[in-house]
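The values are calculated or read from the model by the stated rules, or taken from the named source; none is laboratory data. Please read these numbers as outputs of a predicted model, since none were measured by experiment. Because the Cβ atoms are built from the backbone with ideal geometry, glycine has one as well, and the counts that use them run over all protein chains shown. Accessible surface areas use protein heavy atoms only, side chains included; no ligands, DNA or RNA. Shrake-Rupley method; radii C 1.70, N 1.55, O 1.52, S 1.80 Å.
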There are 2 protein chains.
Amino acid sequence: MLEKKQNPLFVGTLAKGLRLLRAFDESHVSLSLAELVTLTGLEKSAVQRMAHTLHQEGMLERDPGTRRYRPSHAWLELAYAYYWSDPLISRVLPKLVEFSRVHGETVNLAQISGDHIIYSLRLPNQRTQFAASIVGRRVPALGTASGRVILATWSDDEVAHALETWPIRAATPKTITDRGAIADGIACASQDGYSITQGQMMLNEISLAVPIVGIDGRANAALQVAVSSHSFDIERVREELLPALLDTASGIPG
Amino acid sequence: MLEKKQNPLFVGTLAKGLRLLRAFDESHVSLSLAELVTLTGLEKSAVQRMAHTLHQEGMLERDPGTRRYRPSHAWLELAYAYYWSDPLISRVLPKLVEFSRVHGETVNLAQISGDHIIYSLRLPNQRTQFAASIVGRRVPALGTASGRVILATWSDDEVAHALETWPIRAATPKTITDRGAIADGIACASQDGYSITQGQMMLNEISLAVPIVGIDGRANAALQVAVSSHSFDIERVREELLPALLDTASGIPG
DNA sequence: ATCATAAGTATCAAATAATGATACTGCAAC
DNA sequence: GTTGCAGTATCATTATTTGATACTTATGAT
């Protein structure tokens with residue numbers, strides 16, 4: 001292996017095993033040995049060994065018929081441990097449930113995670129798409145109301161750096177890919193204390209986000225509501241949902 | 001290492017790394033190196049290397065101040081991949097959301113996972129406890145309405161074997177730990193097509209579960225509603241919630 | 001059916017990469 | 001200050017992973 005030399009504490013074998021786990025995503029729900037080989041870039045023999053071990057250890061399910069591997073229930077157990085470990089979760093969850101019940105609209109907790117945001121709590125309603133109903137989804141932060149409203153609480157330097165280097169992915173024809181326009185959006189969010197986007201991740205979707213700020217005024221997370229533009233226009237979102245969402249967020253120590 | 005000889009394909013290093021991940025749970029939300037050593041039973045050096053690697057690979061967060069490790073957002077990403085990979089999830093989710101909206105009570109999808117059930121979808125309401133709101137929780141199957149109603153669709157041999165060998169954990173003073181009584185409960189569930197328990201996992205909780213059966217009549221999952229015994233008695237659960245829950249479950253191909 | 005090709009499985013010699021003992025450093029409590 | 005403990009760094013030893021290859025089983029085309 002002529003890989004880049006790492007710290008001698010780095011255990012390559014473990015890292016390889018993790019690459020198998022990471023190979024699974026929404027477009028790779030089950031993988032054969034051969035597919036794992038191409039996706040991970042590892043040797044066939046290595047994949048064989050890692051897959052065998054992960055299966056033995058209960059991290060991969062295996063269909064005896066097709067011989068394909070799938071994520072096991074253990075992946076949900078890990079999420080369970082995560083939820084207990086992140087102190088923000090237990091503070092946000094009851095407020096989010098309350099908001100969901102009162103307004104009947106989809107609400108999420110979004111946390112910054114590098115240059116993406118990750119949805120860590122989601123309360124879907126009947127109209128919510130599958131992908132928007134399940135936790136753990138990551139999307140480029142600059143393309144979301146949540147990401148922008150979080151950034152809006154950061155220093156100018158950090159915002160400038162993010163605007164230069166963070167990725168943008170056009171998910172709909174209406175996705176704003178111009179970094180100047182995004183900068184304006186963040187500036188507005190900074191002024192207003194909230195951010196509204198339309199059709200950025202999905203067409204016909206209006207998204208409203210407010211930050212969860214700490215005592216220092218800085219946010220690493222946001223509450224976000226998603227509504228259909230068929231039932232709401234931006235003005236109505238601002239009038240009906242914004243005050244309640246701000247109220248909810250302000251009751252949460254960041 | 002004088003461990004039991006495994007298949008030569010078994011990669012011990014990877015298995016050790018996974019043990020670090022598994023060390024985290026609801027009572028171990030963050031762990032120091034020393035704690036990891038005692039919990040995993042591995043050598044200090046090994047834990048040092050594994051933790052370093054997991055941190056490098058983004059699987060463990062590390063507080064620079066306390067030097068303690070915590071689960072990272074990657075653990076939620078794994079859950080995301082799981083959700084896409086399990087075809088039952090997308091079939092159940094919309095029905096569960098609908099049920100939750102109509103009745104306003106906590107509903108769960110419980111799946112059998114060895115001798116435990118695991119809650120893979122949860123829609124909490126305001127009264128729901130934290131532990132009962134987050135997915136990935138595992139509890140001994142025999143102690144739950146869901147577990148019993150699933151078992152009720154299995155063959156007599158399988159049920160007998162489960163009754164003999166599966167674990168039971170007394171979670172409340174009212175938990176039924178007598179295997180004969182549980183056998184009766186399963187027999188009833190088999191007759192009735194549902195199971196109701198009271199105060200098994202938590203005092204003052206009534207739990208109703210119905211199976212999600214496949215074409216062969218066999219179930220690996222159940223829908224479950226939890227209500228407070230302050231607001232409901234068993235009779236009212238049977239009258240108001242049971243028909244709707246049966247209806248919901250029957251619309252889901254197992 | 002038969003064959004051809006691909007996918008999965010098993011084996012093994014070579015040497016890399018993990019091991020674990022130990023020594024070092026820094027922090028915190030006494 | 002001194003002591004004790006947790007975390008970090010180092011290194012010779014060798015157990016473990018490695019990856020090439022051969023074997024077996026599935027798949028699907030003719």
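Using only the Cα atoms, work out Rg/Rh for the protein assembly as shown, with Rh taken as the Kirkwood radius, to two decimals. Working shown, then result.
Numbers: Rg = 23.7 Å, Rh = 24.3 Å.
That ratio equals 0.97.
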Put a label point 7 Å from Cα along the Cβ direction on B:Ser228, then list its distances to the equivalent points in the other copies in nm, shortest first.
-> 3.4
Going residue by residue through the stretch A:134-149, the Karplus relation 6.51 cos²θ - 1.76 cosθ + 1.60 with θ = phi - 60° gives ³J(HN,Hα) values, rounded to whole Hz and with x marking Gly or Pro, of 10, 6, x, 6, 10, 9, x, 4, 5, x, 10, 4, 4, x, 5, 6
From the square roots a ≥ b ≥ c of the eigenvalues of the alpha-carbon gyration tensor of the stretch A:86-250, which class results: rounded (a/c under 1.5), prolate (a/b over b/c), or oblate?
-> rounded
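Can you give the accessible area per residue of the stretch B:1-136, in Å², using a 1.4 Å probe? Provide the component values of the computation, followed by the final result.
On the way: 6010 Å² over 136 residues.
Accessible surface, normalised per residue, equals 44 Å².
How many partner chain Cβ atoms sit within 10 Å of a residue's Cβ in peptide A:129-142, on average, as a whole number?
So the per-residue partner count for this stretch is 4.
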Which value, in Å² and to the nearest 10, is the accessible area of B:Arg127 when all protein chains are kept and the probe is 1.4 Å?
-> 150 Å²
In nm to one decimal, list the spacings between the A:Glu43 label point and its equivalents in the other copies, with label points set 7 Å along Cα to Cβ, shortest first.
-> 2.4
Identify which of B:Ser90, B:Ser133, B:Ser207 has the largest mean-square fluctuation in a Gaussian network model of chain B, with springs joining Cα atoms closer than 10 Å.
-> B:Ser90
Per residue of the protein assembly as shown, what 222 nm ellipticity follows from adding -39500 (n - 2.57) for every DSSP H run with n ≥ 4, rounded to the nearest 500?
-> -12000 deg cm²/dmol
In sequence order, calculated HN-Hα J values of the stretch B:218-223 (Karplus, 6.51, -1.76, 1.60; Hz; x Gly/Pro) = 9, 10, 10, 8, 8, 9
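In what sequence, largest accessible area first, do A:Asp157, B:Asp184 appear using a 1.4 Å probe?
Numbers: A:Asp157 125, B:Asp184 100 Å².
Final ranking, largest accessible area leading: A:Asp157, B:Asp184.
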Cα gyration tensor shape of the stretch A:12-76, rounded if a/c is under 1.5, else prolate or oblate by comparing a/b with b/c | rounded
In the A-B interface, the accessible area buried, summed over both sides, Å² (probe 1.4 Å) | 6300 Å²
Given H placed on each backbone N at 1.01 Å, which residues far from A:Met201 in sequence or on other chains put an amide H within less than 5 Å of it?
-> none
Please report the relative contact order for chain B, taking Cα pairs under 8 Å with a sequence separation of at least 6, and give it as a percent rounded to a whole number.
-> 14 percent
Distance (nanometres) between label positions extended 7 Å along Cα→Cβ at B:Arg62 and B:Arg101 | 4.7 nm
Between the stretch A:210-231 and the stretch B:39-68, the alpha-carbon center distance in angstrom | 32 Å
Taking chain A as a Gaussian network, Cα atoms linked when under 10 Å apart, which of A:Asn220, A:Asn125, A:Asn108 shows the biggest mean-square fluctuation?
-> A:Asn125
Whole-percent carbon and sulfur share, accessible surface of chain B, 1.4 Å | 49 percent
In sequence order, what are the phi-derived ³J(HN,Hα) couplings for the stretch A:224-237 according to the Karplus relation 6.51 cos²θ - 1.76 cosθ + 1.60 with θ = phi - 60°, rounded to whole Hz, with x for glycine and proline?
-> 9, 10, 10, 10, 7, 6, 6, 9, 10, 10, 4, 5, 5, 4
In debye, nearest 20: dipole of the stretch B:12-76 around its Cα centre with unit charges on the Cβ of K, R (+) and D, E (-)?
-> 180 debye
